[in-house]
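The structure under discussion appears below in the form of structure tokens.
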Amino acid sequence: VALSLVQTLRENISARRARAQVYRELLTSCPGLELIAHRNGSACLTQVIRIVSRRRGADLATKLISTLGALGYEVQGSYVPIHLLSSFGHCVWDHLPCAERVWPELVELPCEPSVSLADIERIAAIVKNTVG
């Protein structure tokens, strides 16, 4: 399995970067949305967005994840701060307020090569509709 993955690694990385680029082209000017940029040479091969809700109490990230999941797309939150994970809580001696404030607003959009560019356009339209 590992050998077959290594043989297609360059194509996989290229396809993921192409999908992230399409997301950037389609979502850059969307109000209420921030695209999280990766540094040049980063190993990150996904597009993470931050939904900055203008409505108090609106959990648009969860709504977006549910909507896209119902359509068959694998979408998830970007991360959970390590100090909130039960098995790592003892590693942090203080709260991390910035991480706690931001993490519920982050969504990792699918960039796998199996997701077509037409799907990327559809996902971007759903993101715009949810956030707008």
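At a glance:
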{"item": "Candidate set: the range 61-84, residues that are aliphatic (A, V, I, L, M) and open to solvent by 70 Å² or more (accessible area, probe 1.4 Å); chosen: the one farthest from Leu117 (Cα to Cα)", "result": "Leu84"}
{"item": "Failed criterion for Leu60 (all others in (1) of a type in the set (A, V, I, L, M); (2) farther than 25 Å from Ala15 by Cα; (3) modelled with pLDDT under 80 hold)", "result": "(3)"}
{"item": "Residue satisfying condition, being of a type outside the set (Lys, Arg) and surrounded by 13 or more Cβ atoms within 10 Å (Cβ to Cβ), within set Ala118, Ala99", "result": "Ala99"}
{"item": "Test for Cys111: is it of a type in the set (A, V, I, L, M, F, W, C), open to solvent by 70 Å² or more (accessible area, probe 1.4 Å) and either touching a helix residue (DSSP H, G or I) at 6+ places or on another chain (Cβ under 9 Å) or not in a loop (DSSP other than H, G, I, E, B) (or both)", "result": "no"}
{"item": "Residue within the range 30-52 that is part of a helix (DSSP H, G or I) and modelled with pLDDT under 85 present", "result": "no"}
{"item": "Residue within the range 30-48 that is open to solvent by 40 Å² or more (accessible area, probe 1.4 Å), on the phi > 0 side of the Ramachandran plot, out of contact with any Pro (no Cβ under 7 Å at 6 or more places or on another chain) and not charged (D, E, K, R) present", "result": "yes"}
{"item": "Some residue of the range 82-102 being touching a residue at least 24 places away in the same chain (Cβ under 8 Å) and part of a loop (DSSP other than H, G, I, E, B)", "result": "no"}
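The values are calculated or read from the model by the stated rules, or taken from the named source; none is laboratory data. In this text, all values refer to a predicted model and were calculated from it rather than measured experimentally. Positions of Cβ are backbone-derived with ideal geometry, glycine not excepted, and every protein chain shown enters the neighbour counts. Each accessible area value is taken on the protein alone, full model and side chains, heavy atoms only, with ligands, DNA and RNA left out. Shrake-Rupley method; radii C 1.70, N 1.55, O 1.52, S 1.80 Å.
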